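**Q** Below is one structure. I have some questions about it.
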Amino acid sequence: MGIVSLDIRQRETAEEIWALQHPAYRLEAALIGVSDLPPLRDTIQSLQECGETFLGYRDSQGDLVGAVSCEKEKLEHYTICRLMVHPEHLRQGIGSLLMVRLLSEKPRNATWTVTAEVRNLPAIALYERFDFIRQETFKPIPSIEMLRLVRAPHSS
């Protein structure tokens with residue numbers, strides 16, 4: 001089926017995203033050795049209230065197997081909030097397809113920001129393939145070190 005817009009305010013959609021988010025972020029938690037990642041604390045209601053814009057990737061059976069979300073921070077500045085692919089569908093290009101679509105739907109002169117845990121090398125490599133540059137690291141809690149990456153505006 002491919003990439004579709006998702007309305008997170010709809011309960012059924014929020015349930016689908018929650019069901020995707022948990023296995024995806026449990027895999028990340030295992031990868032980085034931290035069991036209590038904030039996305040694993042989300043509820044259906046907190047997802048519905050997050051205010052993010054979502055795109056999803058549906059497989060040929062219509063199942064949601066990937067999603068990306070962003071928020072507009074200010075004029076022409078966006079933050080990628082989540083990028084997830086179901087563990088059974090990794091290494092199939094779904095994350096890249098979602099990134100291409102997300103970036104193409106916003107103005108070329110937009111600035112983008114994303115964070116990834118420093119031990120999540122696959123996520124960092126994906127963002128760097130899309131011209132995100134490492135900016136800084138910070139520790140929101142002692143066991144997690146985040147890397148902020150920024151993608152500068154692209155000229156027309």
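The values are calculated or read from the model by the stated rules, or taken from the named source; none is laboratory data. Note that this is a predicted model, so its numbers are computed, not measured. Every residue, glycine among them, receives a Cβ derived from its backbone with ideal geometry; neighbour counts consider all protein chains shown. Just so you know, the surface numbers come from the protein's heavy atoms only, side chains and all, with ligands and any DNA or RNA stripped out. Shrake-Rupley method; radii C 1.70, N 1.55, O 1.52, S 1.80 Å.
**Q** With the requirement that a residue be open to solvent by 80 Å² or more (accessible area, probe 1.4 Å), at pLDDT 90 or above, in a helix (DSSP H, G or I) and under 25 Å from Pro122 (Cα atoms), what does the range 1-44 give you?
**A** Residue satisfying the conditions is Trp18 alone.
**Q** Can you pull out the residues in the range 67-83 that are under 11 Å from the mean Cα position of the chain (by Cα) and farther than 14 Å from Glu105 by Cα?
**A** Residues satisfying the conditions are Ala67, Cys81, Arg82, Leu83.
**Q** Return the pairs, sorted by first residue and then second, in which the second residue is part of a loop (DSSP other than H, G, I, E, B), the first residue lies in the range 2-22 and is basic (Lys, Arg), the beta carbons are less than 9 Å apart, and the residues are 6+ apart or on different chains.
**A** Arg9/Glu49
**Q** Residues that are out of contact with any strand residue (DSSP E or B) (no Cβ under 9 Å at 6 or more places or on another chain), at pLDDT below 95, open to solvent by 50 Å² or more (accessible area, probe 1.4 Å) and not in a loop (DSSP other than H, G, I, E, B): does the range 71-85 have at least one?
**A** Within the range 71-85 (the criterion being out of contact with any strand residue (DSSP E or B) (no Cβ under 9 Å at 6 or more places or on another chain), at pLDDT below 95, open to solvent by 50 Å² or more (accessible area, probe 1.4 Å) and not in a loop (DSSP other than H, G, I, E, B)), the answer is yes, since at least one residue qualifies.
**Q** Here is a follow-up. Restricting to the range 89-101, what's the tally of residues that are surrounded by fewer than 17 Cβ atoms within 10 Å (Cβ to Cβ), free of Cβ contacts under 8 Å to residues at least 60 places away in the same chain and in a helix (DSSP H, G or I)?
**A** 2
**Q** Only one of (1) open to solvent by 40 Å² or more (accessible area, probe 1.4 Å); (2) closer than 27 Å to Glu145 by Cα fails for Ser104. Which number is that?
**A** (2)
**Q** A further question follows. Within the range 30-43, track down each residue that is out of contact with any helix residue (DSSP H, G or I) (no Cβ under 7 Å at 6 or more places or on another chain) and either under 21 Å from Asp59 (Cβ atoms) or of a type in the set (A, V, I, L, M, F, W, C) (or both).
**A** Matches in the range 30-43: Ala30, Leu31, Ile32, Val34.
**Q** Test each condition in (1) in a helix (DSSP H, G or I); (2) open to solvent by 40 Å² or more (accessible area, probe 1.4 Å) for Leu47 and report the one that comes out false.
**A** Leu47 satisfies every listed condition except (2).
**Q** Look at the range 108-149 and say how many of its residues are open to solvent by less than 50 Å² (accessible area, probe 1.4 Å) and not in a helix (DSSP H, G or I).
**A** Looking only at that region, the number is 15.
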